[in-house]
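What follows draws every value from the coordinates through simple rules; no lab data is involved. As the structure is a prediction and not an experimental result, all values here were calculated from the model. Neighbour counts run over all protein chains shown; Cβ positions are idealised from the backbone, glycine included.
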Amino acid sequence: MSAAVPQGRRPRHLTIGRIGVYAFLVTAALFFMLPLWIMVVTSLKPMEEIRLGNILALPAAMTFEAWTKAWSSACTGLECNGISVGFWNSVRILIPSVILSIIAGAINGYALSFWRVKGANVMFGVLLLGAFIPYQVFLYPLVRIFSLTGIYNSLTCIVLVHVIFGLPTMTLLFRNYYAGLPIELFKAARIDGGGFWSIFFRVILPMSTPILVVATILQVTGIWNDFIFGLTFAGRENLPMTVQLNNIVNSTQGERAYNVDMAATMLAALVPLVVYFVSGRWFVRGIAAGAVKG
Amino acid sequence: MDTISIRAPSMPSGGTKTQRRVKTRLPAAVALLPTALIVLVVYIGCMLWTVRLSFTSSTLLPKLDWVGLAQYSRLFANDRFLTSASNIVIFGALFISGCLVIGFLLAVFIDQNIRGEGLFRTVFLYPYSMSFVVTGVAWQWFLNPGLGLQKLVRDMGFESFTFDWLVNQRMAIYTIVVAGLWHGAGLTMAILLAGLRGVDKDLWKAAKVDGIPTWRVYTSVVLPLLRPMVVTAVVLLTTGVVKLYDLVVAMTLGGPGIATEVPAKFVMDHLFERNNIGLGTAAATIMLITVVSILAPWVYIRYVRPQGRHA
């Protein structure tokens with residue numbers, strides 16, 4: 001993403017072709033904005049207005065009632081404490097998972113690109129292949145292992161799972177970044193008598209800011225948006241926001257409160273959207289760099 | 001990694017050269033140990049365990065008997081699994097080709113020196129930051145025939161307009177494709193746009209001098225140059241296809257009937273709800289075999305063959 005200079009044809013003044021280009025882009029943009037627009041306007045309407053149809057219209061009597069309800073009193077199955085429970089669960093899962101998986105990735109990447117350890121490349125190869133293998137292949141035995149060790153359905157369990165399945169992307173990310181650093185730097189530090197950890201903390205880590213930012217963006221959005229691990233490993237007490245949202249929307253008895261559903265959806269989308277808008281181009285850089293995983 | 005030799009001049013001069021080397025590398029080996037353990041236990045161990053379980057008659061609890069390929073023959077006679085398999089093929093083909101076509105078009109149009117480029121890029125990519133659950137729930141609401149798109153068009157005066165794909169057995173899978181395209185097309189655009197920006201400026205000048213129409217340059221010259229980006233995008237999209245689960249759960253829960261079942265959901269349901277571990281692990285093994293046979297050649301070429309450092 002470094003060369004950001006447009007290189008297509010030079011712009012000419014408004015011709016039929018230019019109008020066509022803009023028409024296409026604006027139409028596409030409208031299509032992409034449509035669901036977000038619908039979510040927002042629906043969440044701000046009272047139910048009487050929603051029942052009339054006209055899904056695109058702005059609310060006539062705008063109200064934030066649905067948002068309050070979604071946050072604090074919507075029912076996720078039998079309990080009715082809103083999606084705020086899921087929000088805080090997600091926060092409690094997110095923070096240790098992001099920190100631990102990044103630490104693991106940085107150390108692995110450093111050890112892999114500067115130190116020749118026997119068998120390390122084979123290990124890395126298997127890890128990368130593991131990134132492509134559907135999670136369903138690992139889940140059942142993992143559940144058994146965690147049950148046997150007694151940590152199944154706990155915060156520790158879900159954090160551990162995020163760290164384990166974050167390993168391929170994180171290791172690849174840091175390994176590739178460190179492989180791009182000049183090797184002379186490392187050699188000089190070795191000659192000065194630096195050991196494994198002192199070189200890591202004094203030389204390598206201070207140079208890692210860009211990749212740390214990329215890794216954080218990737219992990220925050222990835223872990224926040226996770227559904228399958230939260231569902232399988234977190235346990236009833238720690239269900240993340242995505243699972244709670246699905247419960248609110250898809251297990252309602254009686255008439256569905258679409259405005260509450262959409263408010264809950266917006267709340268669940270908020271964190272990654274903020275990360276996306278704040279991080280801008282770094283976001284793309286992250287995906288491209290970690291392109292081994294979807 | 002194969003070019004670094006560790007001389008360790010500051011080490012005390014005791015022991016042979018090899019011993020010294022082993023000693024300096026010890027902390028690195030120790031640092032890699034937890035990951036090595038995880039690779040062994042989780043990535044290899046759990047995988048083999050799943051494959052082994054697929055040859056047993058396990059139902060609620062795992063058994064270690066041997067029933068040969070019995071679970072597999074049951075699997076391929078199972079309507080739900082066959083529907084899942086054909087659905088993932090339909091979804092995969094339409095989703096990947098759709099993302100590539102839409103992504104390429106968006107990238108090319110954005111590359112025409114337009115105003116508000118940043119805005120357009122942001123709009124096309126933001127869906128990718130959101131979860132599949134959010135995506136599924138949003139599209140489920142928009143496409144529901146009662147109050148969504150169908151009602152909207154009918155109220156505009158087209159009384160007989162029908163758009164009931166979401167609840168139509170034959171068409172429901174295509175609504176999942178639409179939601180998937182909305183989620184993933186922007187990513188493809190971002191990857192291809194990065195590639196377009198890397199195309200040599202002189203190429204455009206040369207094409208202009210030769211009087212070649214722009215669209216010809218894009219299809220015959222630029223597209224082949226973008227091959228590495230296309231491959232990256234396809235790999236990313238393919239892993240997304242294989243993992244397709246949350247979107248279906250949030251949008252249709254596999255319905256109506258079993259119309260939108262997918263393999264990942266088949267496995268999850270049989271392992272954790274239907275208490276049929278043998279059948280579930282057999283389906284997981286089929287997923288594994290499919291993915292490995294598709295992706296192994298690519299991983300080999302991209303990562304294993306060019307071993308070592310390359311800046």
- [ ] Please list, in chain and number order, the residues 5+ apart from residue B:57 or on another chain whose amide H is under 5 Å from its amide H, with Hs placed from the backbone.
- [x] B:65, B:67
- [ ] Just report the Cα centroid separation between segment A:159-187 and segment B:55-114, whole Å.
- [x] 30 Å
- [ ] Calculate one ³J(HN,Hα) per residue across segment B:181-195 by plugging θ = phi - 60° into the Karplus curve 6.51 cos²θ - 1.76 cosθ + 1.60, and present them in order as whole Hz with x for glycine and proline.
- [x] 4, 4, 6, x, 5, x, 5, 4, 4, 4, 5, 5, 5, 4, x
Open item on the list: Projecting each Cα onto the charge dipole of chain B (Lys/Arg +1, Asp/Glu -1 at the beta carbon, about the Cα centre), which of B:29, B:130, B:283 comes out farthest on the positive side?
Closed with: B:29
- [ ] Specify which residue in the list B:263, B:141, B:44 is farthest towards the positive end of the charge dipole of the protein assembly as shown, using unit charges on the beta carbon of Lys, Arg (+1) and Asp, Glu (-1), about the Cα centre.
- [x] B:44
Task: Helix runs (DSSP H) in chain A reaching 18 Å along axis by Cα, Kyte-Doolittle at least 0.5 - done: A:16-43, A:84-114, A:120-132, A:136-149, A:155-179, A:209-224, A:258-279
Open item on the list: Taking 8 Å as the Cα distance limit and 6 or more residues as the minimum spacing, I'd like the relative contact order of segment A:84-289 as a percentage.
Closed with: 33 percent
Task: Residue-count net charge about residue B:55 - beta-carbon cut-off 15 Å; Lys, Arg +1, Asp, Glu -1 - done: +2
Task: Amide hydrogen neighbours beyond the local backbone of residue A:76, cut-off 5 Å, H modeled - done: A:81, A:82
- [ ] Within 10 Å of each Cβ in peptide B:143-155, how many partner chain Cβ atoms are there on average? Round it to a whole number, please.
- [x] 3
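From the square roots a ≥ b ≥ c of the eigenvalues of the alpha-carbon gyration tensor of segment B:182-236, which class results: rounded (a/c under 1.5), prolate (a/b over b/c), or oblate?
Details: a/c = 2.64, a/b = 2.38, b/c = 1.11.
Judged from the Cα gyration tensor, segment B:182-236 comes out prolate (a/c at least 1.5, a/b above b/c).
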Task: Furthest towards positive pole of dipole, A:157, B:214, A:193, structure part the protein assembly as shown, Cβ charges - done: A:193
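Given +1 on the Cβ of Lys and Arg, -1 on the Cβ of Asp and Glu, and no further charges, what dipole in debye does the protein assembly as shown carry about its Cα centre, rounded to the nearest 20? List each step's numbers first, then the result.
On the way: 47 positive and 25 negative charges, 510 e Å.
About 2460 debye.
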- [ ] Only Lys, Arg, Asp and Glu count, each charged at its Cβ (+1, +1, -1, -1), so figure out the dipole size of segment A:84-289 about its Cα centre, rounded to 20 debye.
- [x] 580 debye
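From the square roots a ≥ b ≥ c of the eigenvalues of the alpha-carbon gyration tensor of the protein assembly as shown, which class results: rounded (a/c under 1.5), prolate (a/b over b/c), or oblate? List each step's numbers first, then the result.
On the way: a/c = 1.73, a/b = 1.22, b/c = 1.42.
Oblate, because a/c is 1.5 or more while a/b does not exceed b/c.
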TODO: Neighbouring Cβ atoms within 10 Å as the yardstick, rank A:266, B:156, B:268 fewest first.
DONE: B:156, A:266, B:268
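Once you have a ≥ b ≥ c as the square roots of the Cα gyration tensor eigenvalues for chain B, tell me rounded if a/c is under 1.5, and otherwise prolate or oblate according to whether a/b is larger than b/c.
Numbers: a/c = 2.47, a/b = 1.13, b/c = 2.19.
Oblate.
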